[in-house]
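These notes concern the structure reproduced below.
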């Protein structure tokens, strides 16, 4: 008999979690400045086969920041996710993330609790020059979000308004729903951990990639101005990793082509041995 479907939001410990679906747990992690809302376009497709556990990382969305003095680095954020999963009674799980969330997903993959990894446009392997460029671009994006936040409601109402802010990381930003655009824009501006996480990423370097044994799928948009040069480095360092290009898609491709993203993910996850 199959497990009953779950569809609820919980705050279990410090982190806010949205759970839906039934099956093996699939943990979803978002990018810098965003929240679990960024995964919303594919949630129903993924929840048809898996128990989806979409997490707001510390200091983003509806989750409070880490304690004072604890930097929001990839390893500290991964620990916070692991502690939340422990409270939820989740032992082994699949994990997927985009951008910063992909970097954290790969950090979690250092544990044998991770059954497989889907990393969409992961950060973390930039050269010093690329890191500085990325930091500055994201710092500017934060300032733009804070400037636009008072106008988030009218901006999110129209396709043109949604394009104003989200064109930097999405190829088809007008496809975001009004509600999702509003929550992402206001969350981007208000996230208390944004600046510290952006700064921490300047110095973060994963050193365990060669030890990852979980099956790993890398997804990368060809129109991504931020991270495409890093994906070949991940492909070379993670044993057995597979790469699928997302032609014409940007840094956050989930709302641009949810059918393709979900199809690639489900095809990969379905091949992971039980």
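The values are calculated or read from the model by the stated rules, or taken from the named source; none is laboratory data. Given the structure is predicted, the values throughout are model-derived calculations rather than measurements. FYI the Cβ positions are ideal-geometry reconstructions off the backbone, even for glycines, and counts take in every protein chain you see.
What to note about this one:
- Test for residue 181: is it surrounded by 15 or more Cβ atoms within 10 Å (Cβ to Cβ), under 21 Å from residue 215 (Cβ atoms), without any contact (Cβ under 8 Å) to a residue 40 or more places away in the chain and out of contact with any strand residue (DSSP E or B) (no Cβ under 7 Å at 6 or more places or on another chain): no
- Residue match in region 149-158 (condition: assigned to a loop (DSSP other than H, G, I, E, B), more than 15 Å from the chain's Cα centre (by Cα) and without any contact (Cβ under 8 Å) to a residue 12 or more places away in the chain): yes
- Region 233-270, residues that are closer than 25 Å to residue 208 by Cβ, without any contact (Cβ under 8 Å) to a residue 40 or more places away in the chain and over 18 Å from the mean Cα position of the chain (by Cα): 235, 236, 239, 240, 241, 242
- Hey, residue 238 surrounded by 22 or more Cβ atoms within 10 Å (Cβ to Cβ), over 25 Å from residue 135 (Cβ atoms) and in contact with a helix residue (DSSP H, G or I) (Cβ under 8 Å, 6 or more places away or on another chain) or not: no
- Positions within region 22-35 being farther than 20 Å from residue 109 by Cα and buried (at least 21 other Cβ atoms within 10 Å of the Cβ), in sequence order: 33, 34, 35
- Some residue of region 208-220 being in contact with a strand residue (DSSP E or B) (Cβ under 8 Å, 6 or more places away or on another chain), part of a strand (DSSP E or B), in contact (Cβ under 8 Å) with a residue 12 or more places away in the chain and within 22 Å of residue 129 (Cβ to Cβ): yes
- Qualifying residue in region 151-160 (condition: buried (at least 18 other Cβ atoms within 10 Å of the Cβ), under 23 Å from residue 223 (Cα atoms) and out of contact with any strand residue (DSSP E or B) (no Cβ under 7 Å at 6 or more places or on another chain)): no
- Residue-level check: of (1) closer than 22 Å to residue 61 by Cβ; (2) under 18 Å from the mean Cα position of the chain (by Cα); (3) crowded, with 22+ Cβ neighbours inside 10 Å, residue 216 misses just (1).
- Criterion (more than 27 Å from residue 166 (Cβ to Cβ), at pLDDT 95 or above, crowded, with 24+ Cβ neighbours inside 10 Å and touching a strand residue (DSSP E or B) at 6+ places or on another chain (Cβ under 8 Å)) met by exactly one of 119, 105, 54, 109: 109
- Comparison of 28, 66, 32, 85 shows that the only residue that is touching a residue at least 12 places away in the same chain (Cβ under 8 Å) and either at positive phi or in a helix (DSSP H, G or I) (or both) is 85.
- Test result for residue 41, within 20 Å of residue 165 (Cβ to Cβ) and touching a helix residue (DSSP H, G or I) at 6+ places or on another chain (Cβ under 8 Å): yes
- Any hit, region 57-76, residues being over 23 Å from residue 188 (Cα atoms), surrounded by 22 or more Cβ atoms within 10 Å (Cβ to Cβ) and either out of contact with any strand residue (DSSP E or B) (no Cβ under 8 Å at 6 or more places or on another chain) or at pLDDT 95 or above (or both): no
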